[in-house]
Amino acid sequence: VADILAEQLPETVALGLAALVLSMALGIGLGIASALARGRALDVLASGFATVAMTIPGFWLGLLLILVFAVQLEWLPVSGADSASSMVLPAVALGLAGAGLVARVLRGSLIEAMSKDYVLLLKARGVGRSRIFWRHALRNALIPVVTILGLRIGWVIGGAVPVEVVFARPGIGSLLVESIGRRDYPVVQATLLMLALAVMLGSLVADLIQAWIDPRVRRQFG
C-alpha cells in the first residue's frame, strides 16, 4: 500500500500546489482591486466573480472547461498528465473556488484595516495613501488570508478526488475511486488517512505562519 501511495502522491501534490498558487495569485489580486475600487464597477465585477467562483463545484467546472477549452477550442488536452499543459484545466477547476474565497476575505479585511485608528494616525502625520495601503494595511489584512491558504492545503488535496476523476489524471483521488470500485479496503483506508493528515498539516502550517506574521499570536504562547 505504501508503494502504491508513493507512486500516486506526487501527481496530487503537484496539482494541489498549482491550484494553491492560482488561488493565492488570483484571489489576492482580485481582493486588492476590489478594495481599492470599493463601490465602483470594478468592485462589483470582482466581487461577483469571486462569489460565483466560490459556489461552482469543482467537478462541474471541470466539465465546462473540458467542453470549452479542450473540445470546442482545442487549446488544451482533455485528460492525462503527460505535459505541463495538461495541468492547466485541472488546476483552474480546483483552485478557482479558493481564489474566490481569498478575494472576498481580503476585500473585507482591507476595508476594515483602512478604517483602523493607526491608519488615521498615519494620514494625520502626512503619510501617503499608497504607502499606508501597501506597507501597513495590506500586511495586517493578509493575516486571515494566510490562515485560509494554510487550511486550503487540506481542502485542495481532498478536492482533488473528483477533479482527478473528471480529467482522468493519476493521483490519490483516482486511486481512491478505483480502490473503492475494487473493494481494496487497505488502500481505501490508507488513502483516507492521507487526506486526513493533509488537513491536519494544513492547519498546523496555517497556525505557524500566522504566529510568524502576527506578534500578538506569538505573545499568547509566550
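Kindly list, by first and then second residue, each pair from a residue in region 76-93 that is closer than 15 Å to V163 by Cα and without any contact (Cβ under 8 Å) to a residue 60 or more places away in the chain to a residue that is part of a loop (DSSP other than H, G, I, E, B) and among the polar types (S, T, N, Q), limited to pairs with Cβ atoms under 8 Å and residues at least 6 apart or on different chains.
Every condition considered, the pairs that remain are P77/S83.
Got a number for residues in region 32-89 being of a type in the set (S, T, Y) and touching a helix residue (DSSP H, G or I) at 6+ places or on another chain (Cβ under 6 Å)?
Final tally of qualifying residues: 2.
So that you can scan it fast, the table gives a plain yes or no per residue for (1) in contact (Cβ under 8 Å) with a residue 24 or more places away in the chain; (2) of a type in the set (S, T, N, Q):
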residue	(1), (2)
L149	yes, no
R152	yes, no
G159	yes, no
V165	yes, no
P170	yes, no
S179	no, yes
A190	yes, no
L193	no, no
V199	yes, no
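Each row is one residue, and each column tells you yes or no for (1) at positive phi; (2) free of Cβ contacts under 8 Å to residues at least 60 places away in the same chain; (3) of a type in the set (A, V, I, L, M, F, W, C).
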{"residue": "L17", "(1), (2), (3)": "no, yes, yes"}
{"residue": "V21", "(1), (2), (3)": "no, no, yes"}
{"residue": "T55", "(1), (2), (3)": "no, yes, no"}
{"residue": "G62", "(1), (2), (3)": "no, no, no"}
{"residue": "I66", "(1), (2), (3)": "no, no, yes"}
{"residue": "F69", "(1), (2), (3)": "no, yes, yes"}
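May I ask you to list the residues in region 85-132 that are more than 15 Å from the chain's Cα centre (by Cα) and either among the polar types (S, T, N, Q) or closer than 17 Å to V52 by Cβ (or both)?
S85, S86, R107, S109, S115, S130
Return the only residue of R129, R183, R135 being open to solvent by 30 Å² or more (accessible area, probe 1.4 Å) and either touching a Leu at 6+ places or on another chain (Cβ under 9 Å) or under 30 Å from G58 (Cβ atoms) (or both).
R183
Considering only region 104-126, state which residues are surrounded by fewer than 21 Cβ atoms within 10 Å (Cβ to Cβ), among the small types (G, A, S) and touching a residue at least 12 places away in the same chain (Cβ under 8 Å).
Passing the criteria: only S109.
Examine region 207-215 for a residue that is within 26 Å of G62 (Cβ to Cβ), surrounded by 17 or more Cβ atoms within 10 Å (Cβ to Cβ), in contact (Cβ under 8 Å) with a residue 40 or more places away in the chain and among the polar types (S, T, N, Q), and state whether such a residue exists.
No: zero hits.
Wholly within region 124-208, which helices (runs of 4 or more DSSP H) include no fewer than the required count, namely at least 2 residues that are in contact with a Ser or Thr (Cβ under 6 Å, 6 or more places away or on another chain)?
138-166, 172-182
With the structure loaded, tell me whether W155 is within 12 Å of the chain's Cα centre (by Cα) and either aromatic (F, W, Y) or over 24 Å from A19 (Cα atoms) (or both) or whether it fails that test.
yes
The values are calculated or read from the model by the stated rules, or taken from the named source; none is laboratory data. None of the values given here were measured: they were computed from a predicted structure. All Cβ positions, glycine included, derive from the backbone under ideal geometry; neighbour counts span all protein chains shown. What goes into the accessible areas is simple: the full protein's heavy atoms, side chains included, and nothing from ligands, DNA or RNA. Shrake-Rupley method; radii C 1.70, N 1.55, O 1.52, S 1.80 Å.
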